[in-house]
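Trainee: Provided herewith is a single structure, encoded as structure tokens, for subsequent inquiry.
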């Protein structure tokens, strides 16, 4: 359980922050940037939820919780001691990725196939989900960059890759099941 008795600690005043394993890194370290971008996705998702109701809000709530799991995964570098640690690290797993895939497939089954690229917009929920999509793509790029330099749980990368697809598909659902999608018209303003 997390207990926060004091919000500021002053331990980061010199430009470093503690990872989940207690080691300190600069605040611009790639690992810190990667999990910080996941936090950004979660914050944008919180704004999107202001426009969601029913099943959509339940799904978004579930994803917000997954994003905290993802941040916990990324903030603690894998170690050979993970399996025997007093508090084993929380890691993303294949079931979380599979759930996103299943939900994408279910939403896609409702939609007509795309015949044009779509522009971000439409309903307020769809517009916000497109912001979530682009921020999650940035989080994915940073996490992939981190994975090129350090060990990263492969399920974390897969989750981020599926998540942006989930947001895209959910935005189409929020746009009256695709009927209110804003279509790109190539060269329309020439």
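Just so it is clear, none of the values below were taken in a lab; they were calculated from the coordinates. The structure displayed is predicted, hence computed values, not measured ones. In this analysis, Cβ positions are derived from the backbone assuming ideal geometry, glycine residues included, and neighbour counts consider all displayed protein chains.
Trainee: Rule-of-thumb check for the chain: C-alpha Rg over 2.2 N^0.38 Å? Walk me through the intermediate numbers first.
Mentor: Working: Rg = 18.5 Å, N = 190, 2.2 N^0.38 = 16.2 Å.
Compared with the compact-globule rule of thumb, the chain sits at 1.15.
Trainee: Which whole-number percent is the relative contact order of region 50-138 (Cα, under 8 Å, 6+ apart)?
Mentor: On the way: 24 pairs, mean separation 22.8, N = 89.
After rounding, I find 26 percent.
Trainee: How high is the relative contact order of the chain? Use alpha-carbon pairs under 8 Å, at least six apart in sequence, and give a whole percent. Mind dumping the intermediate values first?
Mentor: Values: 224 pairs, mean separation 50.3, N = 190.
Computed value for the chain: 26 percent relative contact order.
Trainee: Let me ask something else. By how many degrees, 0 to 90 and rounded to 10, does the Cα axis of helix 154-174 deviate from the longest principal axis of the chain?
Mentor: 30 degrees
Trainee: Let me ask you something else. Using Cβ counts within 10 Å as a stand-in for footprinting exposure, how do 167, 68 rank, fewest first? Present the calculation step by step, with values, prior to reporting the outcome.
Mentor: Details: 167 29, 68 13.
Ranked by crowding around the Cβ, least crowded first: 68, 167.
Trainee: Next question. From the P(r) of region 69-121, can you give the percent of Cα pairs sitting at distances over 13 Å? Walk me through the numbers on the way to the answer.
Mentor: Details: 1005 of 1378 pairs.
Result: 73 percent of Cα pairs exceed 13 Å.
Trainee: What percentages, rounded to whole numbers, describe P(r) for region 102-154 computed over all alpha carbon pairs with 5 Å bin width beginning at zero?
Mentor: Pairs per bin, as whole percents: 4, 15, 13, 21, 19, 12, 11, 5, 0.
Trainee: May I pose another question? Rounded to the nearest 10 degrees, what's the angle between the helix 94-110 long axis and the longest principal axis of the chain, both from Cα atoms, 0 to 90?
Mentor: 10 degrees
Trainee: Give me the angle, in degrees from 0 to 90, between the Cα long axis of helix 124-149 and the longest principal axis of the Cα atoms of the chain, rounded to the nearest 10.
Mentor: 40 degrees
Trainee: Using just the Cα positions, wrap region 117-190 in a convex hull and report its mean projected area in square nanometres, one decimal place.
Mentor: On the way: hull surface 23.9 nm².
Its average projected convex-hull area is 6.0 nm².
Trainee: Follow-up question, since we're still on this one. At q = 0.23 Å⁻¹, what base-10 log of I(q)/I(0) does the Debye formula yield for region 35-140 when every alpha carbon is treated as an equal point scatterer in vacuo?
Mentor: -1.41
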